[in-house]
Structures are given as C-alpha cells and as structure tokens.
Amino acid sequence: MSNRSLDDLRREIDEIDDAIHELIMKRADVVQHVAAAKGIAERNDLPIRPAREAAMLRRLAAHHRDPFPFEALARIWQEMIAAFTQIQNQYSIAVYVDDDHQSMWDLARDQFGAQTPITAFPSTREALAQVFEGRAGVAVLPLPTVKNMYPWWTALAVANAPKVISRLPFAGVGNVRGTPMEALAVASIPLQPTGRDRTLLVIESTDQMSHAGLEKILKAAKLNAVYTTSADVEGWMNLVELDEYLEADDPRLEMLEVRDSIQRTHIIGHYADVIRSQDFRKMYKK
Ligand SMILES: O=C(O)C(=O)C[C@]1(C(=O)O)C=C[C@@H](O)C=C1
C-alpha cells in the first residue's frame, strides 16, 4: 500500500480525470469527422454501427485488468458511444414494456444511453410500427420465444423492412426492473460481420414444419440452427437462428429454396454474438 497522503492521492485522481475529460472531448472531434465520412447528415442516417461497437468492446475486454469490473467499463463505453451517436444525428427509441416486460426499458436505456429519448409502447406491434414509419430510429423488443403473444419478427420478412441489428444486453446483465430478460434491437442501418455473429433467417413453408424436420433441411444445406420457433401468420413462418453471418447471396439459401416445402427465405437481421460474464472473465483473466 502507498504511504502517500490522501491529498496527494486525490491530486493524482484529479489529473487522471482531467486527462480522461480531455480525451473524451478529443474523441468527440474525431467522431464528428467519422460522421462526415459516413455521410450521416446528407442522408439523415442512423449513425449506430453495432459491429464496430462489438469489436471495440471485445478488444477492451481482452486488455482489461482487475479490480475494475469489466461490466462497469462496458456500461461507461455504451453510455459514451450512445452520446457519440447522438452528436452525429439525433434519434429516439421505441421500447415494448408491459407488466411482464419491465426490464425492456432498462435494457434500452443501458444500451442507447440516459440522454436518448425512449418511449414505451404496450405492444410489440406498436413499438415496431414506430421504426417502420420513421418515428423512432430503433425498436427494442423481446427475444422471440414460443410464448410471445404476437410473433413480431414475422413483420420483418418483407422487402426493405428494418432488420434486427443487435442483442441486448451486449456485455453483462445489470440491475433491471422485474425479471431479467434479453431483447433484440431493430433498425434500418448497414450491417457488417464481426467474426462472431448470428443470423436470423425466416423460412416460409407451405405446411407446418417440425423443429427436427427444419434442422434436417438446414443441415443438408450445411447450416447450423441454434434456435428455431414457428408462427402461423397467413402461412407458416419459421424463425431460425444460425451461428454465423449468412450473406443474402449465399448459395446455401438456394439449396433451401429449391425444396417443395419451402416457399421463400428472408434474412431478417444479424447481430454480433454477445459477451457473457463468463466470457469476459475468461478473456481478461491472466
Ligand atoms: O465508428 C463509427 O462509425 C462511429 O460512428 C463512431 C462510434 C464511436 O463512438 O466509436 C459511434 C457510433 C457507432 O455505433 C460506432 C462507433
């Protein structure tokens, strides 16, 4: 332990804080150039780039040291990046919240920042409509499960629809109201692979397909499903999560579409695989 006086130690903390503050202001100047390079203002685009954010947080996790918790560092970065997106172009969030999904609000706020306007909607349909109609930049919706009242993901299986862009929480579960849950964010932005990604694929079929049947067809096309769920919405829609970043022109999709039982396939989004607590502990434990 150091034998320096409290005043001396606090002077050093002030110097560190000044350096951090100065660097954040310097970072803001650079981000404004990034916004110009991306043409955000000309096209009135949403500045969020989840692949870049995932790469940044994974890089920090790999360099992290105790005792400062990585989960707290990730929260600071997410708050900071949220502010850096807002200085590029302003946008708001539409989040689905009801009595059983209180934590959705907390997930949205942790990811998109305390200064970003968030509005709660009592149905996934209404929250999603905000993004379809351009009234919100991002919708935050519960992870699809068989229990969802309305399979909101089926609405994304149309041309030019917004896409799933990320899964929340990205880096560690924090305190939330109600039951901790996971969510997906939906928006219209360019997506990119990060090296560790998931793809959400909707397969429209003529008849109801069993999970085993779907998996067999996917396996024959050399695709690995990690999750599947189905919905009967004017025909059968099957949601499949793949453990890779599948491009729209991947020939394996044609292998699915030639089957008589399959009518169409739609990639409804991609997201960078989240960093779970056990992962980042492994990542930085020497
Ligand atoms: O790299 C970009 O495209 C940026 O806009 C910069 C930045 C950042 O602050 O680092 C901000 C928003 C994006 O979601 C990702 C990164």
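The values are calculated or read from the model by the stated rules, or taken from the named source; none is laboratory data. Everything numeric here is computed off the predicted structure, so don't read it as measured data. Note: ideal-geometry Cβ built from the backbone for every residue, glycine included; neighbour counts use all protein chains shown.
So which of SER210, SER166, SER230, SER205 is free of Cβ contacts under 8 Å to residues at least 24 places away in the same chain and either closer than 16 Å to THR265 by Cβ or surrounded by 21 or more Cβ atoms within 10 Å (Cβ to Cβ) (or both)?
None of the other options fit; the residue is SER230.
Please list, ordered by first then second residue, the pairs with beta carbon atoms under 6 Å, 6 or more apart or interchain, first in segment 31-46 and within 9 Å of GLN88 (Cα to Cα), second within 9 Å of the ligand (Cβ to nearest atom) and polar (S, T, N, Q).
That search, which allows pairs on different chains as well, returns ALA35/GLN88; ILE40/GLN88.
Only one of (1) within 12 Å of the ligand (Cβ to nearest atom); (2) farther than 30 Å from PRO122 by Cα; (3) not hydroxyl-bearing (Ser, Thr, Tyr) fails for GLU42. Which number is that?
Here GLU42 clears every test but (1).
If we scan segment 29-37, do we find a residue that is modelled with pLDDT of 95 or more and away from the ligand (no atom under 13 Å from the Cβ)?
Checked segment 29-37: no residue is modelled with pLDDT of 95 or more and away from the ligand (no atom under 13 Å from the Cβ).
Read through the list (1) within 12 Å of the ligand (Cβ to nearest atom); (2) surrounded by fewer than 16 Cβ atoms within 10 Å (Cβ to Cβ), then give the number of the only condition that ALA51 fails.
(2)
Look through THR145, THR154 and report the one residue that is away from the ligand (no atom under 16 Å from the Cβ), β-branched (Val, Ile, Thr) and part of a helix (DSSP H, G or I).
THR154
Within segment 102-114, can one find any residue that is more than 10 Å from the ligand (Cβ to nearest atom) and more than 29 Å from SER277 (Cα to Cα)?
no
Any residue at all in segment 208-229 that is of a type in the set (S, T, N, Q), touching a helix residue (DSSP H, G or I) at 6+ places or on another chain (Cβ under 8 Å), more than 30 Å from ARG75 (Cβ to Cβ) and modelled with pLDDT under 90?
There is at least one residue in segment 208-229 that is of a type in the set (S, T, N, Q), touching a helix residue (DSSP H, G or I) at 6+ places or on another chain (Cβ under 8 Å), more than 30 Å from ARG75 (Cβ to Cβ) and modelled with pLDDT under 90.
Considering segment 169-188 alone, what residues qualify as being surrounded by 19 or more Cβ atoms within 10 Å (Cβ to Cβ) and part of a loop (DSSP other than H, G, I, E, B)?
PRO169, PHE170, GLY172, MET181, listed by residue number.
Starting from residues that are part of a loop (DSSP other than H, G, I, E, B) and out of contact with any strand residue (DSSP E or B) (no Cβ under 7 Å at 6 or more places or on another chain), keep the ones in segment 237-252 and report whichever is surrounded by the fewest Cβ atoms within 10 Å (Cβ to Cβ).
Per the criteria, the residue is ASP249.
Sort through LYS282, LYS286 and tell me the only one that's of a type outside the set (Asp, Glu), in a loop (DSSP other than H, G, I, E, B), at pLDDT below 85 and more than 18 Å from LEU156 (Cα to Cα).
Sole residue among the options that is of a type outside the set (Asp, Glu), in a loop (DSSP other than H, G, I, E, B), at pLDDT below 85 and more than 18 Å from LEU156 (Cα to Cα): LYS286.
What are the residues in segment 132-146 that are surrounded by 24 or more Cβ atoms within 10 Å (Cβ to Cβ) and within 18 Å of ASP45 (Cα to Cα), if any?
ALA136, GLY137, VAL138, ALA139
Filter segment 85-114 for residues that are part of a loop (DSSP other than H, G, I, E, B) and not hydroxyl-bearing (Ser, Thr, Tyr) and give the result.
Across segment 85-114, the qualifying residues are ILE87, GLN88, ASN89, GLN90, VAL97, ASP98, GLN102, GLY113, ALA114.
Of the residues that make up segment 118-127, is at least one over 21 Å from GLU182 (Cβ atoms), surrounded by fewer than 21 Cβ atoms within 10 Å (Cβ to Cβ), more than 16 Å from the ligand (Cβ to nearest atom) and among the small types (Gly, Ala, Ser)?
For segment 118-127, residues over 21 Å from GLU182 (Cβ atoms), surrounded by fewer than 21 Cβ atoms within 10 Å (Cβ to Cβ), more than 16 Å from the ligand (Cβ to nearest atom) and among the small types (Gly, Ala, Ser): absent.
Which one of THR199, THR228, THR265, THR194 is assigned to a strand (DSSP E or B) and more than 30 Å from GLN102 (Cα to Cα)?
THR265
Scan segment 65-75 and give yes if some residue there is near the ligand (Cβ under 10 Å from one of its atoms) and over 20 Å from the mean Cα position of the chain (by Cα), otherwise no.
no
Is it fair to say GLU79 is more than 22 Å from the chain's Cα centre (by Cα) and free of Cβ contacts under 8 Å to residues at least 60 places away in the same chain?
Against the criterion (more than 22 Å from the chain's Cα centre (by Cα) and free of Cβ contacts under 8 Å to residues at least 60 places away in the same chain), GLU79 does not qualify.
From TRP153, TRP236, which residue is of a type in the set (Phe, Trp, Tyr) and touching a residue at least 60 places away in the same chain (Cβ under 8 Å)?
Residue meeting the stated conditions: TRP153.
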